[in-house]
1. With each run of n ≥ 4 DSSP H residues scored as -39500 (n - 2.57), what mean residue ellipticity at 222 nm is computed for the chain after dividing by its residue count and rounding to the nearest 500 deg cm²/dmol?
2. In nm, to one decimal, how far is the modelled label at MET17 from the one at ILE125, with both set 7 Å along Cα→Cβ?
3. What range in the chain is the longest one free of trypsin sites (Lys or Arg not before Pro) that are in a loop by DSSP and have at most 14 other Cβ atoms within 10 angstrom?
4. For ARG53 and LEU2, compute 0.36 nm times the residue count separating them, minus their Cα-Cα distance, and round to one decimal in nm.
5. Compute the whole-percent fraction of alpha carbon pairs in the chain spaced more than 28 Å apart.
6. Net charge within 10 Å of VAL64 by Cβ-Cβ distance, Lys/Arg positive one each and Asp/Glu negative one each, not counting VAL64 itself?
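Every read-out reported here was derived from the displayed coordinates using simple, explicitly stated rules and does not represent laboratory data. Just so it is clear, the model here is predicted, and its values are computed rather than measured. Here Cβ is always computed from backbone atoms with ideal geometry, including for glycine, and neighbour counts include all displayed protein chains.
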Amino acid sequence: MLPRRLDPVDRAIAGWMRRHGFLLLRVSLAVVFIWFGALKPLGLSPASEMVARTVWWVDPGWFVPFLGWWEVAIGVCLLIRPLLRVAIMLLILQMPGTILPLFILPEVTWVHAPYAPTVEGQYIIKNIVLIAAAIVVGGTVREPERT
């Protein structure tokens, strides 16, 4: 319980977070998808090899850049409010594939499965946060834009 004298400060901080949090969440998601996505077609993504090993039946020469541009599209759609539904749809189609290495490449993603992931496994598991954030952003599509 906060001391009474801190209540106005607490209200002000919580109010600022309420007013700006959705926009900050949406923009930060967009930045992550655009940044990490753009690395793939540029040949700079540390995840490219894992992607290629996970979907070995597809030529990585076109698939890794395609996946990267897909992620860039998710990010751009997140930035353009009328395209939020498109962003969420693209994200829903993409995210299941991101967890495949946990099952297909356990030697790469786990030190001790299922409780001690490698750095690569942690990179994949953090997608749970991206999915949750996308759900929060998706829940705002019928509301007026918050600024």
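1. Calculated mean residue ellipticity at 222 nm is -22000 deg cm²/dmol.
2. Label-label distance for MET17 and ILE125, simple model: 2.5 nm.
3. No qualifying site falls inside 1-125, the longest such stretch.
4. 13.1 nm
5. That fraction is 32 percent.
6. Its environment carries a net charge of -1.
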